[in-house]
């Protein structure tokens, strides 16, 4: 009888693309994520001085719909609901960022290992009211753009004024002709985080690499991002 244990792993839509680029993978919670593409030091330099793109699909994502005012107050302590903002909820168990896309729609973003806690917080806050919390981690592919050249890349992909999106803000828009959520959580590297339907994940990755090629874009792994304080 086999004694092999069942060890399932989650992968982003772009996993094979990363492998083709020479990515070395590591495990984050149940996810295989690119750790690096050869040189963490060079990737950190791209994050701070050039332009870099990372696969952020493994970020936990909780969709909140309905009457969000009491939910926002419970989760963040803010009673005023300002749409287009990204609010931070810092806790000892990892915390999360809450992107307020509209008055009745928000997306909570967290570390892969904090998803269950984030979902539990959201469900508790929504209980008894006209709001619903749903784990949508696998429904969205996530990509993060870093560096001074990030706005230049986005300007080639969308008519939306990404340069006018302040840190701590978000917007529902279109990027590369597909629906997208664009957020700028106040984290290390000051990234633009882009969330699209999982079915568009590979296309969005290729579109960003193509648009960023003239600017010297470089794919980066999670080790460089962690070193730059992405969380």
Report task. For residues that are closer than 12 Å to residue 145 by Cβ and at pLDDT below 95, scanning just region 184-194, find the one that is surrounded by the most Cβ atoms within 10 Å (Cβ to Cβ). Result -> 191
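Yes or no, residue by residue, for (1) in contact with a strand residue (DSSP E or B) (Cβ under 9 Å, 6 or more places away or on another chain); (2) outside any helix (DSSP H, G or I):
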residue	(1), (2)
46	yes, no
74	no, no
107	yes, yes
122	yes, no
Report summary line: A careful count of residues in region 1-17 that are surrounded by fewer than 22 Cβ atoms within 10 Å (Cβ to Cβ) and touching a residue at least 40 places away in the same chain (Cβ under 8 Å) gives 3
Requested in this report: Any chance you could count how many residues in region 18-40 are touching a residue at least 24 places away in the same chain (Cβ under 8 Å), over 18 Å from the mean Cα position of the chain (by Cα) and within 26 Å of residue 148 (Cβ to Cβ)?
Outcome: 4
**Report entry** Residue list for region 120-148, restricted to those being surrounded by fewer than 20 Cβ atoms within 10 Å (Cβ to Cβ) and over 25 Å from residue 9 (Cα atoms)
**Finding:** 123, 124, 127, 128, 129, 130, 132, 148
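The values are calculated or read from the model by the stated rules, or taken from the named source; none is laboratory data. For clarity, every value in this text was computed on a predicted model and none was experimentally measured. Neighbour counts are summed over all protein chains in view; Cβ atoms, including those assigned to glycine, are modelled from backbone coordinates with ideal geometry.
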